[in-house]
1. Let me cross-check residue 171: its accessible surface, 1.4 Å probe, with only protein heavy atoms counted, in Å² to the nearest 10?
2. Of 263/421; 61/305; 123/591; 599/619; 33/263; 23/427, which ones are farther than 23 Å apart at the Cα?
3. Take every Cα-Cα distance within the stretch 133-194, group them into 10 Å bins from 0 onward, and report for each bin the whole-number percent of pairs it holds.
4. Given a 1.4 Å probe, how much area per residue of the stretch 372-473 is accessible, in Å²?
5. Can you pull out the trypsin sites (Lys or Arg not before Pro) in the stretch 337-378 that DSSP calls coil and that have at most 11 other Cβ atoms within 10 Å?
6. What list of ³J(HN,Hα) couplings, whole Hz, do you get for the stretch 461-475 from phi and the Karplus terms 6.51, -1.76, 1.60, once you set θ to phi - 60° and write x for glycine and proline?
7. Given the options 435, 352, 376, identify the residue whose Cα lies farthest towards the positive end of the charge dipole of the stretch 331-446 (+1 on Cβ of Lys, Arg; -1 on Cβ of Asp, Glu).
8. Reachable lysines from residue 465, Cα under 16 Å, same-chain residues fewer than 8 places away excluded?
Amino acid sequence: MQLQEKIREFSTSPGVYLMKNTKGEVLYVGKAKNLRARVLSYFRSEGEGDGRYQIRFLMKKVSQIEAILTQNEKEALLLENTLIKKHKPRYNVFLKDDKSYPSLKITVNHDFPRLFATRNVVKDGALYYGPYTSAFRLYEILNFIQNNFRLRTCSDHDFANRSRPCLQYQIKRCDAPCVAYVSKEIYAETVKEIRLFLEGRNQELEHLLEKRMNEAAEKLDYESAAYYRDLIHSVKDLLEKQQVLKHEGTSMDVWGLAKSAEKMVLVLLQVRHGSLMDKKEWVQATSIFQEDEESFSSFLFQYYKEPAWICPEILLPFTFSNQQALSELLSEMKQAKVLLQVPERGDKKARLALADQNAKEKLKQVLGEQENRKEILEKLKRLLNLKNLPRRMECYDISNLGADAAVGSCVCFVEGRPDKKSYRRFKIQYTQGPNDFAMHYEMMKRRLSHPEWEFPDLMIIDGGKGQLSSAYAALQDAGVTGVDIVGLAKEKSFPSPLRGEGRVRVIPSAPDVTLTQTLSPQGRGEGDKPERVYLIGRKDPIVPHPQSEECKLLVQIRDEAHRFGITYHRQLRGKKSITSLLDAVEGLGEKRKKLLLTKYQSPKNIFLKGLETVQQETKIPKEILEKLFQVLSEGPFSKSR
């Protein structure tokens, strides 16, 4: 009530509000045309105020709300975006990370331009195409261009210092402009063709290539004519995979929306010069997205953060209150008029319907996958006789070589899918020789010491009875209850007393599940080493069928924990190896060691770079680097090895 009284003193002007917890951490950042009315809506009874599902949980944690006034709605949009990027609030969902979408860049300010992928869009005179939300799609296009248009791929440094053609020329993927095998004018024509392709001017590109093919044939240059003929076919084959709308020269972004009670899908169709060039999709829970300025306009502004990405015409699935303010702000960023509209008739209405159709189809797939995953989780609950439906699962693994650089890994799956932001890794402190049980106890104890990390429904320990008992002991010592915990280990190969034909062994399981294992004449199960699941208070393990979906899910999360742990273990061993080598070099101080570790990661990378290059890049005195390279050459990289 005290908080509401303070809010009643808020201004009715536009601005941004920040919701914080008792520790002063920012939980949510929002904007409003009327600050007082908007923030008070969070405190109204259910059905009268904000209908978003996560607001119930948010308001339980909010202890203070701050407001920042702005001159108008445009300034509120800018400030909200800045604060979301800065604080990364938990309850702001869309596009709050700093990672940009990849784009294709052509360095047209160079005599012989280069095409490559980049995430940094800067004003350097180059041309940028994108952004691409699918890196796979971007590299598919990049690989197609490199295979068919023979543009150089080397860096400017390599280009300036090359004295003979590289392998790319030998395999006919580059015309070797670095050694003047192609003139600047001819190379510029190739760049023009690539620009036509990336800009969606497909008919113009085909006419240009056909013209050059005919000119080469008239000059009896049949090799060049064949090259252009094959290039035309390749372009047509790729373009046939795209859906062409109309060749009327119009460029626009078309947004579609479909939602159910649980999930919502946003689809963006990128139409360039009348052709549909790319499709992008976003899937979120419906409860955290509403058709209002609070969510959709913020999402649009964060998406169009680079002027090069802003299309002159943007078709929307619905209107929102600050639509005009966003249009003016995007126009200022692009320095050209940007129109945001919801078409009601004609071709634009048809394109919007196409975007909605794509969104509905994606939603149908998402709901089908969600239902399938829910069914698998239900089967897993019955199989292991769990108290909870395992919507959130964590798997723990120890990676070590003896007691050397032992690490623990924790991976998290939510609704049957990896939740990588919840992955954790632990550098094991236990040093009294190899003791897998003690390491599992330490890892579990340290994980449970973080109550701010959401507890899972099911904990999976990579190991048998011993590892499971150690982890369970940590659970008891921490006083944590209500969490299911199991151990997962591979069955050891066993000799069979049975001879002759294969037989069937019934394996005890959950009360309503019957499992069988088929034994071969040699006495082994189907598969080399079946999986075994150990439960607390149960003597015999459960052996699920290796081809069942629930068994595959358990194996997937266990293998992911193993991969994550091994990666961290290798990093630590690599750092330890290079540190020991650097310690042997007289005159190499801590700052220079840190510089080498950060820049090169491994002694092999230092050695391969060469003394001159390392000296040039790090500015470390040559006499010290000579001692380092002597140590490397006498050690792991000596010529005698």
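The values are calculated or read from the model by the stated rules, or taken from the named source; none is laboratory data. Only a predicted model underlies this, so the values are computations on that prediction, with no experimental measurement involved. All Cβ positions, even for glycine, are placed from backbone atoms using ideal geometry, and neighbour counts span all protein chains on display. All accessible areas refer to the heavy atoms of the entire protein, side chains included, with ligands and DNA or RNA removed. Shrake-Rupley method; radii C 1.70, N 1.55, O 1.52, S 1.80 Å.
1. Here the accessible area works out near 90 Å².
2. On the way: 263/421 20 Å; 61/305 31 Å; 123/591 34 Å; 599/619 13 Å; 33/263 28 Å; 23/427 28 Å.
The answer is 61/305; 123/591; 33/263; 23/427.
3. 21, 50, 25, 4
4. Numbers: 4640 Å² over 102 residues.
Averaged over the residues of the stretch 372-473, the accessible area is 46 Å².
5. Numbers: sites: 337, 345, 348, 349, 351, 360, 362, 364, 373, 374; in loops: 337, 345.
Those satisfying the criteria are 337, 345.
6. Karplus values, whole Hz, x for Gly and Pro: 9, 6, x, x, 4, x, 5, 5, 5, 5, 5, 5, 4, 5, 4.
7. 352
8. The qualifying lysines are 490, 492, 539.
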